[in-house]
Amino acid sequence: MLRTINPQLTLWESILPECCLGLPGDLAEIDQLLDDERFFEPFRPFFDPAIGRPSIPIETYLRMMFLKYRYRLGYEPLCREVADSIAWRRFCRLPLDQAPPHATTLMKITSRCGERAVAGLNEALLAKAAENKVIKTDKVRADTTVVEADVCYPTDSGLLAKGVARLARLAAQVKAAGLATRTTARDRTRSVRRRAHAIGAWLRRRSDDAKAEEAKAITGEMATIATFAIADARHVALSARRGLRRKGMSATGRAGAMVADLERTAELVERVVAQTRVRLAGGVPDGSTRVVSLHDADARPIAKGRLGKPVEFGYKAQVLDNADGVVLDHTVVVGNPADAPMLVPAIARIAARFGRAPKAVTADRGYGEAKVDAELEALGVERVAIPRRGKPGAARQKVQRGGAFTKLVKWRTGSEARISHLKRDYGWARSRVDGIGGTQAWCGWGVLAHNATKVGALIGDAGTGRTPVAQPAAKRPADRGTGPPPRRADAPAA
């Protein structure tokens, strides 16, 4: 059952001194911005209106999630900070005599609602900003980046060793649950790990040719061991499925989930074996289907041409923002699709969202196609400033050297700073949730916190007639006021 707001304040709030009634920094603007019932609507499809255990108030959950992504906190540190701060309690609409929600409660609501609820919140925020007439669509810039998955650097031998160990562990759990007790499944964990350590020993030797050949031979042995482990795991899963059918309604959901996890892991390890065989044969596995993690099967290798990280492992994301830095559209996709086909649908979404297409659109050379320019102009975009790939002709050179085109292209470079800001301050550097759905929700919450900060300041500036100023980067609560006091100019040096 969904609860949207907290009951009225208690007696404790009425005796607070006046100095404790305000909210620090920009939280007052954010509090006023989020005080709108439209932000409850995205959560209604996930809760029954009358049946079930009452949820925590959604206004409290929403504000706590904003603080989590604004100040880059984990769930447990977030709950501790809210419990310790009167200002944060007031911001989260949490009475002083009430304990904050448990960290696991926040996790469960986030997992239940997922990416759909976050997308609805972002739509509601942009709609509210448009109603207050603080959204500019005169010019929009686009760029792509990589949101790294929470995985370590993948190697074929490492994935094989982890896969065999995980298959043995899952098979043992299924047997402990009373399923497939008479099916033989050999634990090959020690055998595969011994060979993985042998690869490290060979790679420390001096002869490059010898160590490469020996490493390949050992990796081939590990692939053979993994093949036998997969066969054993599938026999266990098949017997366990028969046992579940015999139990019928008395079978527990947990047992079924363990068998499904065993089957899914066997399929992933089989894909790892296949891509290992391709590499041992001298080929290169297909990056669009390559497995780089057993717990995040949707992550893919993505090459963006960075010097420090030529290949990153995660998801591709596109960000479109305006002159005020408000993110008007973002997408997170699996793999590394081409940039150009992603731009026109994003501009179409912006046009539908605000009732008008941007007057000017700019992006980097990766989007540079004549077809993209024509489709953008068909949507109503007046100026398109996207450099073409390759050597342009004389007519195109004249267009790209024009003053308006050059000015827009120079302004486009700020999109890299916007992405860097999202990565540094709003969690886009690495997703802590597995899968494409989890990563989309993670990035969506980061965009919501970013846009709420921007839009709250813009609405506040519009109401007071002030000129908008850049917002300083948010600091972690543990960093506030912990440093030494500033030294006077006339004080002696230490």
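Considering every residue within the range 339-353, establish whether at least one is surrounded by 14 or more Cβ atoms within 10 Å (Cβ to Cβ) and under 30 Å from Asp156 (Cα atoms).
The answer is yes; a qualifying residue exists.
Would you be able to tell me the number of residues in the range 182-203 that are over 13 Å from Ala233 (Cβ atoms) and of a type in the set (D, E, K, R)?
Qualifying residue count, the range 182-203: 5.
Is it the case that the range 237-255 has a residue that's surrounded by 14 or more Cβ atoms within 10 Å (Cβ to Cβ) and β-branched (Val, Ile, Thr)?
no
Taking Ala99, is it within 25 Å of the chain's Cα centre (by Cα), small (Gly, Ala, Ser), assigned by TED's automatic domain parsing to the domain that holds Tyr75 and surrounded by fewer than 19 Cβ atoms within 10 Å (Cβ to Cβ)?
No; evaluated as a whole, the condition is false for this residue.
In the range 153-166, what residues are farther than 22 Å from Thr252 by Cβ and in contact (Cβ under 8 Å) with a residue 60 or more places away in the chain?
Tyr153, Pro154, Asp156, Ser157, Leu159, Leu160, Ala161, Lys162, Gly163, Val164
Looking only at the range 75-88, how many residues end up being of a type outside the set (S, T, N, Q) and not in a helix (DSSP H, G or I)?
0
What residue, of Thr406, Thr331, is touching a Pro at 6+ places or on another chain (Cβ under 9 Å) and of a type in the set (Ser, Thr, Tyr)?
Going through Thr406, Thr331 in turn, just one is touching a Pro at 6+ places or on another chain (Cβ under 9 Å) and of a type in the set (Ser, Thr, Tyr): Thr331.
Residues that are closer than 26 Å to Tyr426 by Cα and at pLDDT 90 or above: which helices (runs of 4 or more DSSP H) entirely in the range 1-74 hold 3 or more of them?
Because the criterion is at least 3 residues that are closer than 26 Å to Tyr426 by Cα and at pLDDT 90 or above, the helices (runs of 4 or more DSSP H) in the range 1-74 that meet it are 27-34, 58-70.
Hey, could you check the range 36-70 for residues that are under 23 Å from the mean Cα position of the chain (by Cα) and of a type in the set (Ser, Thr, Tyr) and say which is nearest to Gln98 (Cα to Cα)?
Thr60
List the number of the failed condition for Lys216; all other conditions in (1) in contact (Cβ under 8 Å) with a residue 60 or more places away in the chain; (2) within 30 Å of Pro337 (Cα to Cα); (3) not hydrophobic (A, V, I, L, M, F, W, C) hold.
Failed condition: (2).
Do we have any residue at all in the range 217-225 that's of a type in the set (Asp, Glu), farther than 16 Å from Gly158 by Cα and in contact with a helix residue (DSSP H, G or I) (Cβ under 9 Å, 6 or more places away or on another chain)?
no
Has the range 140-161 got any residue that is assigned to a loop (DSSP other than H, G, I, E, B), surrounded by 22 or more Cβ atoms within 10 Å (Cβ to Cβ) and out of contact with any strand residue (DSSP E or B) (no Cβ under 9 Å at 6 or more places or on another chain)?
So far as the range 140-161 goes, no, none of its residues is assigned to a loop (DSSP other than H, G, I, E, B), surrounded by 22 or more Cβ atoms within 10 Å (Cβ to Cβ) and out of contact with any strand residue (DSSP E or B) (no Cβ under 9 Å at 6 or more places or on another chain).
If Glu213 satisfies all but one of (1) surrounded by 14 or more Cβ atoms within 10 Å (Cβ to Cβ); (2) of a type in the set (D, E, K, R); (3) not assigned by TED's automatic domain parsing to the domain that holds Trp428, what's the number of the condition it fails?
Result: Glu213 passes all but (1).
Count, please, the residues in the range 111-136 that happen to be surrounded by 20 or more Cβ atoms within 10 Å (Cβ to Cβ) and not in a helix (DSSP H, G or I).
Residues that pass the stated criteria total 2.
Quick check on this structure: which one of Arg290, Arg242 is assigned to a helix (DSSP H, G or I) and either of a type outside the set (Gly, Ala, Ser) or at pLDDT 95 or above (or both)?
Result: Arg242 is the single residue among Arg290, Arg242 that is assigned to a helix (DSSP H, G or I) and either of a type outside the set (Gly, Ala, Ser) or at pLDDT 95 or above (or both).
Can you work out which of the residues in the range 71-94 that are under 25 Å from the mean Cα position of the chain (by Cα) and acidic (Asp, Glu) is farthest from Ile30 (Cα to Cα)?
Glu76
The values are calculated or read from the model by the stated rules, or taken from the named source; none is laboratory data. All of these numbers come straight from a predicted model, not from anything done at the bench. Here the Cβ is made from the backbone with ideal geometry for all residues, glycine too, and neighbour counts use every protein chain on show.
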